[in-house]
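First comes the structure, then the notes that go with it.
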Amino acid sequence: MAPADSRATGLGLHKAVVYRQGIKYPHRRNYEGYYWFSRTAQHLWYESLTEYSALMWLDFSKAIVGISTQPLRILFADGRSHYPDIFTVLRDGTQALYDVRPQSLIDDKAAATFAKTADLCQRIGWPYQVLGELDLPMRHNLEWLAAYRHPRYRPPPDVRETALDYLSEPAPLIDVARVVSSGPPAFSIHFVYHLLWTREIHADLARPLSWNTSLERGYHV
């Protein structure tokens, strides 16, 4: 038990084990499992596909150095309790708390709980956000790129430099794949996808990826 003030930032919640897991029963509509979080090389438990997508988005978009799922139970003054979904620590030391819920499933009770959680996080000094469902093009693109997030797909230094040097001006994905391979583009496309995942190469992921997708130099997050 810890008070809801700045002292909570010293609890090391990014190292917490899962505090609560859902009850398994036949014909459940939600899917649970483990997501391999590439930034910390750890498997994180999730209890729905929306949480899976949220972890994937955080893995891609945030400079996270510590993360845990279902890490704590909040006891409010009125006796109610809440189990937030994700806790993170960013590279700059910022700690943040997330809940995950599709917008269509946020009823009055959930909205009130999230509002109380936001007030608590403000007292502690944690940014707080409720993550919903990703738009379909973004989700599909991230699911595709996430297949290449493992370091085994990282290009050798010379290949990486060749790709980035070529992108001094924007170019189609297929041209970049050809530049980094002496054979067909399919032989080297995994290198390009990995650089897209690490955001060293940038593309508009709000639109479906294709051979004609315009790429440009990006940056690490």
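Against the empirical curve 2.2 N^0.38 Å, the C-alpha radius of gyration of segment 12-146 lands at a ratio of 1.04. Under the classification rounded if a/c is under 1.5, otherwise prolate if a/b is larger than b/c and oblate if not, where does segment 1-92 fall, given a ≥ b ≥ c as square roots of the Cα gyration tensor eigenvalues? Because a/c hits 1.5 or more and a/b fails to exceed b/c, segment 1-92 counts as oblate. For segment 81-199, the solvent-accessible area works out to 52 Å² per residue, with a probe of 1.4 Å and every protein chain left in place.
This model, with +1 at the C-beta of Lys and Arg and -1 at the C-beta of Asp and Glu, gives the chain a dipole about its Cα centre of some 700 debye. If you sort VAL180, VAL130 by accessible surface, 1.4 Å probe, largest first, the order is VAL130, VAL180. The lysine pair count for the chain, using Cα distances under 26 Å and pairs eight or more places apart or on different chains, is 5. By accessible area, using a 1.4 Å probe on protein heavy atoms only, segment 91-161 has 50% of its surface on carbon and sulfur. A Förster distance of 25 Å, applied to the separation of the beta-carbon atoms of HIS14 and SER214, puts the FRET efficiency at 0.10. Using a/c under 1.5 as the rounded threshold, could you call segment 143-221 rounded, prolate or oblate? The axes a ≥ b ≥ c are square roots of the C-alpha gyration tensor eigenvalues, and prolate needs a/b larger than b/c, oblate otherwise. Taking the square roots of the gyration eigenvalues as a ≥ b ≥ c, segment 143-221 is rounded. Helix-only arithmetic for the chain: the sum of -39500 (n - 2.57) across DSSP H runs with n ≥ 4, divided by the residue total, places the mean residue ellipticity at 222 nm at -9000 deg cm²/dmol.
The value of relative contact order for the chain, using C-alpha pairs under 8 Å at least six residues apart, is 17 percent.
The values are calculated or read from the model by the stated rules, or taken from the named source; none is laboratory data. The structure displayed is predicted, hence computed values, not measured ones. We place every Cβ from the backbone using ideal geometry, glycine too, and count neighbours over all the protein chains shown. Accessible surface is based on the protein model in full, side chains and every heavy atom, while ligands, DNA and RNA are left aside. Shrake-Rupley method; radii C 1.70, N 1.55, O 1.52, S 1.80 Å.
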